[in-house]
């Protein structure tokens, strides 16, 4: 969660404790829901018929500071007690360590509105499921500095991963890495042929290392470019969602994803070596990269108070996200639309046909 | 051992002369008190004491008994001088700081007296280095007047119990608050930093605690920046004794076992922080 945002949202619910984070450009959202069974004791507190259970957010760094050294934690800590004390304005984290030692941290918190991205895995046309290890081994081929990666579906059920290269980059100076995974590496492949999505790798890596460490299979739900990609991990006591915005194709262009330059290139067959050569030759000669490739020219959503928003949308402290001067002007992701959620704890179905709203203000 | 048989060059007696087979026995202890550039050395028949002070609030002493040295002789009743501890440490470790077993730097220290430099002869693997470090007028040292009869509370702990705590102290807190009490929480270390407050509690029956003699509940605060350097001494030590007197002065005594199993001591004295406002818990 710390790879995504600077603040940790804690929301106790009847179905468990939910820990959430969102990034500053609202293009990544993650939630970890720990079922009551995960804990030795879980008391979410009582809420009146109209009142909701108390929720809060804390600085990610402050929270992580309590659990500083994982190896020593494993050796020395027996139990951890988490208490939310609204009246004292403190989140209490108490570690019961060996030798009878007790470490108590009283963290300051801020009250907050519910943090919820609107997404619906049912509405995604494509779905993949693979052991985390398979994806981790694939992703290791990309440099750590790589920002975005494109996941695509090819002929024969093959799945490709390619580093996303900006239009502005000089073709002669860029290195393109592409790898293909066979259908049998996955536990489930139910995808629309010739589809692709581009998303931010950094936030995905965070989830991937968690998935690998907990040995859980990772499910990827995706749809058209521009619609969010949803990664999920499921366990008897834990439910994880990571929702990332994806690059959409040019609005003005009537190109369907299939006219994307990439699909003009022959996908490698099993005879990989020969095809790689012709593939590379095609890459050099085609103009495909400049025409029809996903063009990043949508504005960054930085919710301003002036933005018209529907009723019930959460309010965050705007001063945190105001103008984002350091954001690179080129590539921006549509931000995820945060709407009010009908039923607590579950992602609400989008009420509008067009889930992602364009930022209405001019580029700044 | 090349040096012990060498007579002083000019035939004069040295005010202080000492030989040590393994300079690390000295350098590791001096590092544990190296939080200021300068130190005051006091040599008596019982051994060498190196004192470092800061802000008129904190004093650290490293004791290396005469028995640790292969040869230790002090001509007058006591010899005292001020010296750059940084330079002294650099010289003692001139052959490098890595401790490869089997190799060690041999040391001979000579001091002619007031106004003379401290001369060091260091040898390793047949290579000899001679260092002359200028000495200065010793400054008056703080006297905390801390004696065992005035101790109100005393706890002796195994160092491993405190090491992690000190290494992870929330340095955004200005103070380290120490509570010692015959009742709960018995022994508590607290910080009040940007993220909030943190308390580390040791119950009196913890197996880390070797001795627990608390007569009165005392809560005192000390500037964390002054106490943080004591982490080095803690890291080297196997046991630590924590004592406070009626004024809230703190004495930390560290028992350190060197490579040859010999025992040395380092102690820290600290004044309580007067300028404190009642902070949030």
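No value in this document is a laboratory result; all are computed from the given coordinates. Note that this is a predicted model, so its numbers are computed, not measured. FYI the Cβ positions are ideal-geometry reconstructions off the backbone, even for glycines, and counts take in every protein chain you see.
Brief remarks follow.
- Among A:81-87, B:73-79, the order from most to least packed when residues are scored by Cβ within 10 Å on average: B:73-79, A:81-87
- With R₀ fixed at 30 Å, the C-beta to C-beta distance from residue B:216 to residue B:172 puts the FRET efficiency at about 0.50.
- The Cα trace of region B:178-232 gives Rg and Dmax of 12.4, 34 Å, the first to one decimal, the second as a whole number.
- The helix-only estimate of mean residue ellipticity at 222 nm for chain B, built from DSSP H runs of length n ≥ 4 each weighted as -39500 (n - 2.57), is -3500 deg cm²/dmol after division by the residue total.
- Cβ-Cβ FRET estimate between residue B:132 and residue B:56, R0 fixed at 41 Å, reported to 0.05: 0.85
- Figure legend: label point modelled 7 angstrom from the Cα of residue A:82 along Cα→Cβ; residues of region A:16-35 with amide N under 11 Å from it are A:16-20, A:32-35.
- Taking a ≥ b ≥ c as the square roots of the eigenvalues of the Cα gyration tensor, an a/c ratio of 1.5 or more together with a/b no larger than b/c marks region B:151-270 as oblate.
- Highest-first arrangement of A:189-199, A:175-185, A:105-115, where packing means the average Cβ count within 10 Å: A:189-199, A:105-115, A:175-185
- Peptide-level mean, for B:200-208, of C-beta atoms on other protein chains within 10 Å: 4
- Region A:126-228 - Debye-derived log10 I(q)/I(0), Cα point model, q = 0.13, 0.14 Å⁻¹: -0.45, -0.53
- One Cα centroid belongs to region A:59-138, the other to region A:192-206; the line between them spans 25 Å.
- Counting, for every residue in A:109-121, the Cβ atoms of other protein chains within 10 Å of its Cβ and taking the mean gives 0.
- Efficiency of FRET between residue A:39 and residue A:133 - r from beta-carbon atoms, R0 35 angstrom, step 0.05: 0.80
- Cβ crowding within 10 Å averaged over residues, with B:136-149, A:59-72, B:41-54 ranked highest first: B:41-54, A:59-72, B:136-149
- Counts of other chain beta carbons within 10 angstrom of each beta carbon in peptide A:88-94 average 2.
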